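Some notes on the structure that comes next.
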Amino acid sequence: MADEDKTDGQDNPAFVGDENSTVSVVKATEAVASPSSTQAAAATVLVVRKKELTEEENMEKVRILKNVVIISIAFMFLFTSFNSMANLQSSINKVDGTAALSTLYAALVVSCAFLPTWMIKMLKAKWTLCFSMLCYSTYIAAQFYPRVWTLVPTSIILGLGAAPMWSAKCTYLTQVGSKYAEIVGESAEVVIVRFFGIFFLFFQSTQVWGNLISSSVLSQGVEAEEDPDEAALLMCGVNFCPHTHDSHHSNLTNLAKPPDSKIYIMASIYLVCAIISSVIIAFLVDPLTRYGEEERVGSSSGKSGWELLVATFNHMRHPYQLLIIPLTMWSGVEQAFLGADYTAAYVSCGMGVHMVGYVMICYGVCDAICSITFSPLVKMVGRVPIFTMGAIINLGIVIALRSWMPHPDDVVLFFVMAGLWGVSDAVWQTQINAFYGCLFPENAEAAFSNYRLWESSGFILGYIVTTSFCVATKLYFSLAFLAAGMAGYLVLECWLLKKGHSCGRL
């Protein structure tokens with residue numbers, strides 16, 4: 001047997017030990033003579049050896065896992081309240097609610113550029129999470145008296161707090177993941193991916209819990225109309241115009257704002273959930289200083305907030321980035337359309353506000369399942385077929401929405417449309433992120449800053465269009481953005497193929 005090369009097993013994530021141990025792999029290369037040839041073949045023998053963890057290491061391992069799960073639960077509480085309330089804005093607060101959402105994403109763009117690095121440096125990751133989650137509570141509290149002068153300022157507060165919160169979450173999970181990997185002897189990358197998987201398992205469930213709460217509250221005492229007003233229903237769907245809502249839709253009872261008492265009950269539940277999320281972080285999560293936070297300098301690459309801002313704008317000149325911008329913006333536009341236009345012009349108008357939550361549960365479940373499914377599927381069939389499938393689904397839905405006049409009898413169709421939109425959204429959310437990481441591995445921070453910037457810009461544009469145009473115009477607007485996004489993407493794929501840089505399987 002030739003030289004032995006001992007490794008910690010990080011080259012193969014499959015070699016993970018039980019709860020009290022890790023493993024190491026011993027490679028032995030041996031020359032084996034072939035009876036039919038004088039040449040020797042190399043045979044590799046893998047020997048798995050368990051390494052016992054000390055009691056202290058095992059306790060620290062459990063403590064890290066506890067922190068990851070608790071942070072995930074805190075985000076589940078927070079976005080159970082926020083996502084569901086945001087889904088209802090175009091239905092219960094009409095133009096004011098949608099304008100506030102567009103203000104929110106504008107504040108988020110500013111926050112991404114300047115605040116995360118500074119706040120994490122000043123408050124540390126744990127207290128940045130705690131403080132930023134309280135910013136969401138102000139927006140939920142504004143629902144008790146929803147006016148422009150309460151919704152817009154609290155949206156700005158939320159937007160400014162959102163970017164530091166997400167950055168602090170990423171910082172915390174990355175740092176404890178590295179510490180966990182050091183303890184158990186695994187690859188840090190494998191552990192970090194696993195921790196993010198745990199996080200998103202909880203996060204993706206928020207569409208279910210939050211929308212279940214809203215629909216349960218709003219459905220109380222609601223009776224289906226035996227004879228819906230057919231003339232009024234003609235103002236739904238493609239003919240829906242939010243800016244002329246009061247004068248043209250006053251005779252459609254489905255669009256009547258729910259009683260204040262129900263909104264107060266719903267907002268109270270959501271406000272409690274949002275406050276609980278901050279309390280959970282404050283009292284149950286260990287400070288990141290326990291796991292080496294002081295070793296970090298500024299951002300993950302050591303850049304200050306200003307340096308990251310400069311790097312973000314310099315990165316925009318990269319030809320790959322220029323080609324992927326339209327598709328990144330489409331990701332924001334399509335989410336804004338579903339959350340503002342589909343919920344108001346189709347679901348609320350056709351069946352009633354109380355059904356929005358149930359329909360969005362279908363969307364969330366399909367989105368979550370497909371988010372998990374598409375990553376391994378890309379390895380099997382390639383990236384281009386998955387992107388093309390997402391585009392075809394969105395194209396088909398937009399064409400269908402252009403001709404479909406929603407009616408209370410079309411219950412299944414409301415859910416099918418939302419479910420298919422969830423399938424396509426899973427493509428954009430998972431694969432655009434992965435594509436950025438593949439295209440710019442050596443400049444990931446500036447690349448993902450661009451991703452957040454352009455997706456948020458898509459949200460802003462989507463919500464502005466929502467408050468200014470009828471649904472028919474918005475459908476054509478969506479088609480134009482989808483076409484521009486896919487054109488840029490396909491040109492980029494052809495360019496990569498021509499240069500021999502396939503960035504994974506096409």
Pairs, first under 16 Å from I92 (Cβ atoms) and part of a helix (DSSP H, G or I) in the stretch 147-165, second open to solvent by less than 60 Å² (accessible area, probe 1.4 Å) and aromatic (F, W, Y), C-beta under 9 Å, six or more apart: L151/Y139; T154/Y139; S155/Y105; S155/Y139
Residue match in the stretch 430-440 (condition: open to solvent by 10 Å² or more (accessible area, probe 1.4 Å), β-branched (V, I, T), assigned to a helix (DSSP H, G or I) and in contact (Cβ under 8 Å) with a residue 40 or more places away in the chain): yes
Matching residues in the stretch 177-189 - criterion: being out of contact with any Gly (no Cβ under 9 Å at 6 or more places or on another chain) and open to solvent by less than 40 Å² (accessible area, probe 1.4 Å): G177, Y180, A181, I183
Matching residues, the stretch 395-405, being open to solvent by 10 Å² or more (accessible area, probe 1.4 Å) and either touching a residue at least 24 places away in the same chain (Cβ under 8 Å) or under 30 Å from E307 (Cβ atoms) (or both): L395, G396, R402, S403, W404, M405
Positions within the stretch 283-304 being farther than 18 Å from K61 by Cβ, open to solvent by less than 20 Å² (accessible area, probe 1.4 Å) and either among the hydrophobic types (A, V, I, L, M, F, W, C) or at pLDDT 60 or above (or both), in sequence order: E293
Answer residue from the stretch 120-133, given it is in contact with a Phe, Trp or Tyr (Cβ under 8 Å, 6 or more places away or on another chain) and crowded, with 21+ Cβ neighbours inside 10 Å and is nearest to G462 (Cα to Cα) among those: L129
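Would you call E455 among the acidic types (D, E) and farther than 27 Å from I198 by Cβ?
Working: among the acidic types (D, E): yes; farther than 27 Å from I198 by Cβ: no.
Judged against the criteria, E455 is not a match.
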Test for S90: is it open to solvent by less than 10 Å² (accessible area, probe 1.4 Å), part of a helix (DSSP H, G or I), of a type outside the set (K, R) and touching a residue at least 24 places away in the same chain (Cβ under 8 Å): no
Those residues of the stretch 138-170 which are among the hydroxyl-bearing types (S, T, Y) and either open to solvent by less than 10 Å² (accessible area, probe 1.4 Å) or in contact with a Pro (Cβ under 9 Å, 6 or more places away or on another chain) (or both), in sequence order: T138, Y139, S155, S167
Test: residue in the stretch 79-86 that is out of contact with any Asp or Glu (no Cβ under 7 Å at 6 or more places or on another chain), surrounded by fewer than 17 Cβ atoms within 10 Å (Cβ to Cβ) and assigned to a helix (DSSP H, G or I): no
Conditions (1) within 27 Å of M119 (Cα to Cα); (2) at pLDDT below 80: number failed by E226: (1)
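Per-residue answers, yes or no, for (1) assigned to a helix (DSSP H, G or I); (2) open to solvent by 40 Å² or more (accessible area, probe 1.4 Å); (3) hydroxyl-bearing (S, T, Y); (4) over 24 Å from V384 (Cβ atoms):
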{"site": "H407", "(1), (2), (3), (4)": "no, no, no, yes"}
{"site": "F414", "(1), (2), (3), (4)": "yes, no, no, yes"}
{"site": "S424", "(1), (2), (3), (4)": "yes, no, yes, no"}
{"site": "E455", "(1), (2), (3), (4)": "yes, no, no, no"}
{"site": "K474", "(1), (2), (3), (4)": "yes, no, no, yes"}
{"site": "G485", "(1), (2), (3), (4)": "yes, no, no, no"}
Selected residue (criterion: modelled with the highest pLDDT) from residues of the stretch 366-376 that are more than 14 Å from the chain's Cα centre (by Cα) and open to solvent by 50 Å² or more (accessible area, probe 1.4 Å): T373
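Name every residue in the stretch 335-354 that is out of contact with any Ser or Thr (no Cβ under 7 Å at 6 or more places or on another chain) and not aromatic (F, W, Y), in order of residue number.
Q335, L338, G339, A345, V347, C349, G350, M351, G352, listed by residue number.
Is it the case that some residue within the stretch 232-241 is modelled with pLDDT under 65, open to solvent by 60 Å² or more (accessible area, probe 1.4 Å) and in a loop (DSSP other than H, G, I, E, B)?
no
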Any hit, the stretch 356-365, residues being at pLDDT 90 or above, open to solvent by 40 Å² or more (accessible area, probe 1.4 Å) and within 19 Å of V427 (Cα to Cα): yes
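The values are calculated or read from the model by the stated rules, or taken from the named source; none is laboratory data. None of these values were measured; they are calculated from a predicted model. Note that we place each Cβ from the backbone using ideal geometry, even for glycine, and neighbour counts take in every protein chain shown. Surface accessibility is based on the protein's heavy atoms, side chains included, excluding ligands, DNA and RNA. Shrake-Rupley method; radii C 1.70, N 1.55, O 1.52, S 1.80 Å.
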